[in-house]
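Everything below concerns the one structure shown next.
The values are calculated or read from the model by the stated rules, or taken from the named source; none is laboratory data. Quick caveat, the model's predicted, so the values are computed rather than measured. Here the Cβ positions follow ideal geometry from the backbone for every residue, glycine too, while neighbour counts run over all protein chains shown.
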Amino acid sequence: MSGAPRSAYLIEIITLIPEVWPALTSDASGLVGRAFVDGEARLTVNPLRDFGKGKHQQVDDAPFGGGAGMVLALPPLCEAIALARSRTPGPVILLTPRGRRLSQAVVQELARGPGMTVLCGRYEGLDERVRGYVDLELSAGDFVLSGGDPAAWCLVDAVVRLLPGVLGNAESLAEESFTSGLLEYPQYTRPATLKGATVPEVLRSGNHAHVARWRRSQALFTTRRQRPDLVEDD
């Protein structure tokens, strides 16, 4: 007897540039886009200006103490977060350089839940007090973006593709980079030889045990060479 079907994974995006999100949820975006089209995931975009004040829907203000740029104000952020929480279970996530590094382990943890709300920053930053209204802070890496949306796009893509039924071949997930703590082994396809470059003989041998051992050794070799920080020294 099969279990009850899983409800759609719910995602709320709070952003100043809502125009960038429809592309991700369309069929043209491949597996992740089809997950939204087919109802396995549902994304609601909350334009932050909908919560702004005055006829110009202002959501930012000059920073106390002076300085360049503008800061996203607390009232519209709080209102947007409250609305998202009322509709969608799961953590409220702030994309910020201060956050925990986004990793496959974090993505897997989020994919097991019912949903998430993602807050995308802009301008010079957000009123510091907003951190009292979020559950988790994540960083896409040690670099600076013009806003949180590109990082949020990465997060949403990474989470949705892990949802049950989204990826056609579930075995592919087990062999991907970072899933086992290693980078993925090298991949080849036809032709077997081109301009002197040849596919390793073991991959053409038909011996699945030998192939599995070769792939494991190559994953370890590649990780030690490219990302030694991912493996402990023997």
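Which of (1) assigned to a helix (DSSP H, G or I); (2) at pLDDT below 95 does VAL106 not meet, given it meets every other one?
(2)
Take the residues in region 201-232 that are within 17 Å of LEU183 (Cβ to Cβ) and in a loop (DSSP other than H, G, I, E, B), then tell me which one is farthest from the chain's Cα centre (by Cα).
Per the stated criteria, the residue is GLU232.
Tell me which residues, restricted to region 49-81, are among the hydrophobic types (A, V, I, L, M, F, W, C), in contact (Cβ under 8 Å) with a residue 40 or more places away in the chain and not in a loop (DSSP other than H, G, I, E, B). Steps first, answer last, please.
If we filter region 49-81 for residues that are among the hydrophobic types (A, V, I, L, M, F, W, C), which is where we start, we get 51, 59, 62, 64, 68, 70-74, 77-78, 80-81.
The next check asks that each one be in contact (Cβ under 8 Å) with a residue 40 or more places away in the chain; those that pass are 59, 68, 70-74, 77-78, 80-81.
Once the filter is applied, which keeps residues that are among the hydrophobic types (A, V, I, L, M, F, W, C), in contact (Cβ under 8 Å) with a residue 40 or more places away in the chain and not in a loop (DSSP other than H, G, I, E, B), region 49-81 yields VAL71, LEU72, LEU74, LEU77, CYS78, ALA80, ILE81.
Of the numbered conditions (1) in the same structural domain as ASP27 (by TED's automatic domain parsing); (2) surrounded by 16 or more Cβ atoms within 10 Å (Cβ to Cβ), LEU167 satisfies every one except a single condition; which is it?
(1)
When you scan region 51-66, do you find a residue that is assigned by TED's automatic domain parsing to the domain that holds LEU119 and under 22 Å from the mean Cα position of the chain (by Cα), even just one?
No, that holds for no residue.
Kindly provide the set of residues from region 112-168 that are of a type in the set (Asp, Glu), in a helix (DSSP H, G or I) and either in contact (Cβ under 8 Å) with a residue 60 or more places away in the chain or in contact with a helix residue (DSSP H, G or I) (Cβ under 8 Å, 6 or more places away or on another chain) (or both), ordered by number.
Result: ASP149, ASP157.
Quick test of your reading of the structure: GLY39 fulfils all but one of (1) under 30 Å from LEU230 (Cβ atoms); (2) in a loop (DSSP other than H, G, I, E, B). Name the failing condition by number.
(1)
Select from region 82-91 the residues that are surrounded by fewer than 17 Cβ atoms within 10 Å (Cβ to Cβ) and in a helix (DSSP H, G or I) and list them in ascending order.
ALA82, ARG85, SER86, ARG87
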